[in-house]
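The values are calculated or read from the model by the stated rules, or taken from the named source; none is laboratory data. All values reported here derive from a predicted model rather than from experimental measurement. Cβ: placed from backbone, ideal geometry, glycine included. Neighbour counts: every protein chain shown.
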Amino acid sequence: MSASALAESILTKYEPVIGLEVHVQLGTKTKIFCSCPVEFGAPPNTNVCPVCLGLPGALPVISRQAVELAISASLALHCQINPFSRFARKNYFYPDLPKGYQISQYDQPLAEHGYLDIVTESGKKRIGVTRVHMEDDAGKSIHDGFKDSDKYTYVDLNRSGTPLIEIVSEPDMRSADEAYAYLTEIKQVIQYIGVSDCDMEKGQLRCDANVSVRLKGAPEFGTKVEVKNVNSFRFVKQAIEYEIERQVEIVERGGTIDQESRLYDAASGVTVGMRSKEHAHDYRYFPEPDLVPLRVSDHWLGEVKTRLPELPADRRDRFVNQYGLREYDAQVLSLTRATGDYFEIAAKASGDGRTTSNWVVGDLVGLLNAAGKGIENSPISAAHLGDLVALINKGELSGKLAKEILPKMFETGDAPSAIMDREGLKQISDTGALEKIADDVIDANPKQVEQYKGGKTALLGFLVGQVMKASRGQANPAAVNEVLKKKLS
């Protein structure tokens, strides 16, 4: 039996237990314990100094900006901020770890006891956050020539000392879909509050998944396996799905799950054993002697809280309640802070949140996607889009004309009223002008007029269309209906 061939009936006997450890690179200008710049793509080993190189006698100094970003992330995850936390040395040896240890936090982390709400097809669920702690990153090993006879490994220490937070969840997830939803929500929250760009291609967000299985209803957890450093949400989901099936297969045939760290091979879709799982004592944690304990006063905490923006979940709920949006539209409009801000400015200008939402989610996003632009770089200002919706609602512009004007706004950045005046596109609502066009249409279509008078009332739509065509789409459709009904009665 292979893992991929396991019958659904076998898998449903078991319950997966999943916890995630998410590493987020903080968006500071400098490293966590020195003033070296954090710069992706810089020439190897150029952004380094005695501190991040781990040279004897060099002393670390904590970055205030890094602490404040870590506090912001912790607050956004509804964690309790500990007024007293301590850094520790986590000892292990690897070529790209110049000090021979990582400065992290162990038994006294910055924040604990938080949560994050996720939404899946099964509904809403709350995932506990055990802790958020700060640490510095290691360097990077670059392997080259392994397909040839000459094999080299280079070490780039530019990344060494980059500030990280590690967000450790409770083992509350019960499917790969829940893990995917949790990661998606984490990323959105962290980006929203400006703590990190979370660019996975630049290593700014990395994830380890802890996976075990147990028979449904069993009180005890199974043996945990850690899948390390998976570099995309899609691969995290695939790795968890594979690992669940692999473990179930072993248990079904009477085997034993080894507690170990494994890597996910995306090409083959399988996890591969890397090493036996370390325990805390293997790292020989002890308090970092070169750093004083971190104290977060009530005053400092209050300052950080006041700078925290509205969180995406809160904004979604407010969009539904304040603007009467559908849940889906509220979710799309709150995906990024820039999109939500744009919508709110446009909605205030138009006075009609629901119609504005339709124009942003549909027409504007379509133009932006075609041009490869983000909404923060939209040639159409939010105020101008709101003005366009307001003109429609006031009857000065038809929806059809508005759809012609929007691309012109996108090309020029001009206000809709300016384009209307320049190109003579104002909606015609004047009864006298409409009656003249209607008379011409009635004279040109005697057969349809006769059929309408004979009882085929559906032909009114045809005649309205002819008036709209004759007016180049500028006639007010509601007014045209009234004029034609009156003339044909």
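Conditions tested, residue by residue: (1) of a type in the set (Phe, Trp, Tyr); (2) in contact with a strand residue (DSSP E or B) (Cβ under 7 Å, 6 or more places away or on another chain).
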| residue | (1), (2) |
| --- | --- |
| 14 | yes, yes |
| 25 | no, yes |
| 36 | no, yes |
| 45 | no, yes |
| 55 | no, no |
| 64 | no, no |
| 78 | no, yes |
| 95 | no, yes |
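For the stretch 319-335, what are the residues that are within 15 Å of the chain's Cα centre (by Cα), part of a loop (DSSP other than H, G, I, E, B) and of a type outside the set (Gly, Ala, Ser)?
Residue satisfying the conditions is 335 alone.
Note down all Cβ pairs under 9 Å where the first residue falls in the stretch 94-109 and is more than 30 Å from residue 83 (Cβ to Cβ), the second is acidic (Asp, Glu), and they're at least six residues apart or on different chains.
Once the first residue is more than 30 Å from residue 83 (Cβ to Cβ) and sits in the stretch 94-109, its partners that are acidic (Asp, Glu) give 96/156.
Just a yes or no: is a residue in the stretch 171-192 crowded, with 23+ Cβ neighbours inside 10 Å and touching a Pro at 6+ places or on another chain (Cβ under 9 Å)?
yes
If a residue must be surrounded by 14 or more Cβ atoms within 10 Å (Cβ to Cβ) and either over 25 Å from residue 115 (Cβ atoms) or of a type in the set (A, V, I, L, M) (or both), how many such residues does the stretch 50-88 contain?
Residues in the stretch 50-88 being surrounded by 14 or more Cβ atoms within 10 Å (Cβ to Cβ) and either over 25 Å from residue 115 (Cβ atoms) or of a type in the set (A, V, I, L, M) (or both): 21 in total.
Cβ-Cβ under 6 Å, sequence separation 6+ or interchain: first residue in the stretch 445-465 and closer than 21 Å to residue 435 by Cβ, partner among the hydroxyl-bearing types (Ser, Thr, Tyr) and surrounded by 10 or more Cβ atoms within 10 Å (Cβ to Cβ). Which pairs?
Partner pairs satisfying both residue conditions: 459/452.
Any residue in the stretch 104-111 that is part of a loop (DSSP other than H, G, I, E, B), farther than 21 Å from residue 205 by Cα and out of contact with any Asp or Glu (no Cβ under 6 Å at 6 or more places or on another chain)?
Our first condition is that a residue be part of a loop (DSSP other than H, G, I, E, B); within the stretch 104-111, this holds for 106-110.
Next, only the ones that are farther than 21 Å from residue 205 by Cα stay: 107-108.
Those still in the list that are out of contact with any Asp or Glu (no Cβ under 6 Å at 6 or more places or on another chain) too: 107-108.
Taking every residue of the stretch 104-111 in turn, at least one turns out to be part of a loop (DSSP other than H, G, I, E, B), farther than 21 Å from residue 205 by Cα and out of contact with any Asp or Glu (no Cβ under 6 Å at 6 or more places or on another chain).
Being in a strand (DSSP E or B) and under 36 Å from the mean Cα position of the chain (by Cα) is the filter; apply it to the stretch 138-155 and report the residue that is modelled with the highest pLDDT.
155
Would you check which residues across the stretch 313-324 are under 15 Å from residue 186 (Cα atoms) and either small (Gly, Ala, Ser) or in the same structural domain as residue 80 (by TED's automatic domain parsing) (or both) and list them? Write out each step before concluding.
Let us first name the residues in the stretch 313-324 that are under 15 Å from residue 186 (Cα atoms), namely 313-314.
Result: 313, single match.
State all residues of the stretch 205-240 that are in contact with a Ser or Thr (Cβ under 9 Å, 6 or more places away or on another chain), outside any strand (DSSP E or B) and closer than 16 Å to residue 13 by Cα; if no residue qualifies, say none.
Passing the criteria: 216, 221, 222.
Residue 57 fails exactly one of the following numbered conditions: (1) outside any strand (DSSP E or B); (2) in contact (Cβ under 8 Å) with a residue 60 or more places away in the chain. What is the number of that condition?
(2)
Looking at the stretch 366-377, which of its residues are assigned to a helix (DSSP H, G or I) and either surrounded by fewer than 16 Cβ atoms within 10 Å (Cβ to Cβ) or polar (S, T, N, Q) (or both)? It would help to see each step written out before you state the result.
Taking the stretch 366-377 and keeping what is assigned to a helix (DSSP H, G or I), we get 366-371, 375-377.
Those that are assigned to a helix (DSSP H, G or I) and either surrounded by fewer than 16 Cβ atoms within 10 Å (Cβ to Cβ) or polar (S, T, N, Q) (or both): 366, 369, 370, 371, 376, 377.
Which of the helices (runs of 4 or more DSSP H) contained wholly in the stretch 378-424 include at least 3 residues that are exposed (fewer than 15 other Cβ atoms within 10 Å of the Cβ) and either free of Cβ contacts under 8 Å to residues at least 40 places away in the same chain or touching a His at 6+ places or on another chain (Cβ under 6 Å) (or both)? Spell out how you get there, then give the answer.
Details: elements: 382-393, 399-412, 416-423.
So the answer is 399-412, 416-423.
Would you be able to say whether some residue in the stretch 137-160 is surrounded by 21 or more Cβ atoms within 10 Å (Cβ to Cβ) and among the acidic types (Asp, Glu)?
yes
Would you say residue 294 is in the same structural domain as residue 62 (by TED's automatic domain parsing) and at pLDDT 95 or above? Before you say what the answer is, go through the steps one by one.
Values: in the same structural domain as residue 62 (by TED's automatic domain parsing): yes; at pLDDT 95 or above: yes.
Criteria met by residue 294.
Only one of (1) part of a loop (DSSP other than H, G, I, E, B); (2) touching a residue at least 24 places away in the same chain (Cβ under 8 Å) fails for residue 267. Which number is that?
With respect to (1) part of a loop (DSSP other than H, G, I, E, B); (2) touching a residue at least 24 places away in the same chain (Cβ under 8 Å), residue 267 is out only on (2).
Give the residue that is farthest from residue 173 (Cα to Cα), with candidates limited to residues of the stretch 234-268 that are buried (at least 19 other Cβ atoms within 10 Å of the Cβ) and among the aromatic types (Phe, Trp, Tyr).
So the residue we want is 264.
When you check residue 226 against the structure, is it among the acidic types (Asp, Glu), at pLDDT below 95 and buried (at least 17 other Cβ atoms within 10 Å of the Cβ), yes or no? Write out each step before concluding.
Details: among the acidic types (Asp, Glu): yes; at pLDDT below 95: yes; buried (at least 17 other Cβ atoms within 10 Å of the Cβ): yes.
When the stated conditions are applied, residue 226 passes them.
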